[in-house]
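As structure tokens, the structure follows; a few thoughts come after it.
The values are calculated or read from the model by the stated rules, or taken from the named source; none is laboratory data. Keep in mind that what you see is a predicted model, and the values were worked out from it rather than measured. Please note: Cβ atoms are built from the backbone with ideal geometry, for glycine as well, and neighbour counts cover all protein chains shown.
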Amino acid sequence: MTTRLFVDRRFEGHVAGPMHPESPGRLRAILEVLDRAPIAQTSRHTPRPATREELLAVHGLEHVELVQSLAGKSAQLDPDTAMSPGSAEAALLAAGAAAQATLDVMSGASANAFALVRPPGHHAERERAMGFCLFNNVAVAAEAARRAGAERVLVLDWDVHHGNGTQHTFETRRDVLFCSSHQFPYYPGSGAPDEVGHGEGRGFTVNVALPGSQTDADYGAVFHDVFLPIAQAYRPDLVLVSAGFDPHRADPIGGMNVTERGFAAMASAVKDLATEVCGGKLVLLLEGGYDLDGLSQSVHACVEVLAGQRRDDFPTGVGAAASRAIAETWAAQGSFWKRPT
């Protein structure tokens with residue numbers, strides 16, 4: 001079986017505005033690198049639009065109809081989020097790619113998958129678009145997995161921004177575990193370590209709120225000290241990753257110091273986790289990442305990992321700030337999960 005890459009040039013039809021960082025050039029840069037350095041054991045697939053059922057599992061009818069009604073039109077939905085005539089089609093395809101990649105992995109049709117989509121999705125709330133996002137692609141994927149028989153789904157978000165929309169979608173539930181590492185305080189303002197979920201979902205939202213300037217080694221500590229032990233205890237039937245590449249050290253929006261090796265190490269860690277707990281069922285979905293070279297090279301590295309052509313480990317040497325952030329997460333999560341010794 002191959003690693004399936006879901007991609008479509010129609011994603012370039014979404015134009016958020018002149019000089020907007022979430023530009024069609026992001027996808028073009030990724031495809032140029034993948035074309036220049038092809039990766040064995042991968043295949044490209046054209047996504048289909050999300051169905052109304054898939055969208056309504058995550059979003060309200062009013063929001064779904066608003067986005068669809070703007071097909072062929074331009075609109076400003078919030079200060080950061082705009083639509084062009086091709087945006088509605090791109091958003092439907094992005095959500096559909098997330099769902100189809102997930103269903104293919106769940107069925108065993110592919111070993112794993114990467115949905116190279118835009119617009120991104122993790123900021124989109126049930127009733128509104130925000131933060132460059134129209135539909136919440138990873139939430140659509142998680143709900144598709146649940147309908148396909150997954151009893152427990154892990155959503156791990158390594159974007160530099162907190163995935164507020166994803167957290168709010170699942171924070172009262174136990175069937176989706178949401179783990180996020182992100183710069184804090186930073187847009188959108190959510191993601192403090194004491195945000196652990198509500199009601200039956202308490203303990204199934206795990207936030208590691210990091211200050212800026214964190215390195216590959218710091219992210220390694222977050223994974224090994226927080227995400228991996230909690231995920232191993234949870235035993236998901238599928239691992240979904242909101243793969244944002246704006247923690248890259250060259251990113252113009254983020255403030256982190258992650259390198260291509262760091263992203264490959266993250267991908268290696270989640271691939272090892274998926275192999276251990278759920279037969280390798282793993283799907284990455286593109287979120288942010290706005291330095292074109294850093295984005296494209298890091299995506300390429302992660303695809304190499306998925307396809308079994310590369311494996312990276314995190315460097316050692318966690319800093320004091322990351323250690324404090326990890327301690328704050330465990331202070332909030334200690335009554336729900338056992339901290340590794």
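Points worth noting:
- The condition (being closer than 23 Å to R147 by Cα, small (G, A, S) and out of contact with any Gly (no Cβ under 6 Å at 6 or more places or on another chain)) is satisfied by just one residue among A57, A29, A40: A57.
- Subset of the range 1-27 (residues that are in contact with an Asp or Glu (Cβ under 7 Å, 6 or more places away or on another chain) and assigned to a helix (DSSP H, G or I)): R10, G13, L27
- Given (1) under 17 Å from the mean Cα position of the chain (by Cα); (2) touching a residue at least 60 places away in the same chain (Cβ under 8 Å); (3) at negative phi, index of the condition G262 fails: (2)
- Set S110, S84: member being within 16 Å of F11 (Cβ to Cβ), hydroxyl-bearing (S, T, Y) and more than 15 Å from the chain's Cα centre (by Cα): S84
Okay, residues lined up against (1) within 28 Å of A142 (Cβ to Cβ); (2) surrounded by 17 or more Cβ atoms within 10 Å (Cβ to Cβ); (3) modelled with pLDDT under 95:
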{"position": "V283", "(1), (2), (3)": "yes, yes, no"}
{"position": "G289", "(1), (2), (3)": "yes, yes, no"}
{"position": "C302", "(1), (2), (3)": "yes, yes, no"}
{"position": "Q309", "(1), (2), (3)": "yes, no, no"}
{"position": "G319", "(1), (2), (3)": "no, no, no"}
{"position": "S323", "(1), (2), (3)": "no, no, no"}
{"position": "F336", "(1), (2), (3)": "yes, no, no"}
{"position": "T341", "(1), (2), (3)": "no, no, yes"}
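- Within the range 229-252, tally of residues that are of a type in the set (A, V, I, L, M), within 17 Å of the chain's Cα centre (by Cα) and closer than 20 Å to H162 by Cβ: 5
- Of all residues making up the range 95-120, the number that are of a type in the set (G, A, S) and in contact with an Asp or Glu (Cβ under 7 Å, 6 or more places away or on another chain): 4
- If you check R146, R152 for being among the charged types (D, E, K, R), farther than 30 Å from T215 by Cβ and out of contact with any helix residue (DSSP H, G or I) (no Cβ under 7 Å at 6 or more places or on another chain), only one passes: R146.
- Qualifying residues in the range 206-244 (those that are without any contact (Cβ under 8 Å) to a residue 60 or more places away in the chain and under 24 Å from A101 (Cβ atoms)) - the one surrounded by the fewest Cβ atoms within 10 Å (Cβ to Cβ): Q232
- So P340, is it touching a helix residue (DSSP H, G or I) at 6+ places or on another chain (Cβ under 8 Å) and farther than 24 Å from A233 by Cα: no
- The lone exception for S298 - which of (1) within 26 Å of N136 (Cα to Cα); (2) surrounded by fewer than 22 Cβ atoms within 10 Å (Cβ to Cβ); (3) polar (S, T, N, Q) it fails: (2)
- Of all residues in the range 34-79, those being in contact (Cβ under 8 Å) with a residue 60 or more places away in the chain, closer than 30 Å to D293 by Cβ and assigned to a loop (DSSP other than H, G, I, E, B) number 5.
- Yes/no for S213 being of a type in the set (S, T, N, Q), assigned to a loop (DSSP other than H, G, I, E, B), touching a helix residue (DSSP H, G or I) at 6+ places or on another chain (Cβ under 8 Å) and at positive phi: yes
- Selection of the range 218-245 for residues being within 21 Å of C302 (Cα to Cα) and touching a Phe, Trp or Tyr at 6+ places or on another chain (Cβ under 6 Å) yields only G220.
- Members of the range 154-182 found to be free of Cβ contacts under 8 Å to residues at least 60 places away in the same chain, β-branched (V, I, T) and buried (at least 24 other Cβ atoms within 10 Å of the Cβ), listed by number: V176
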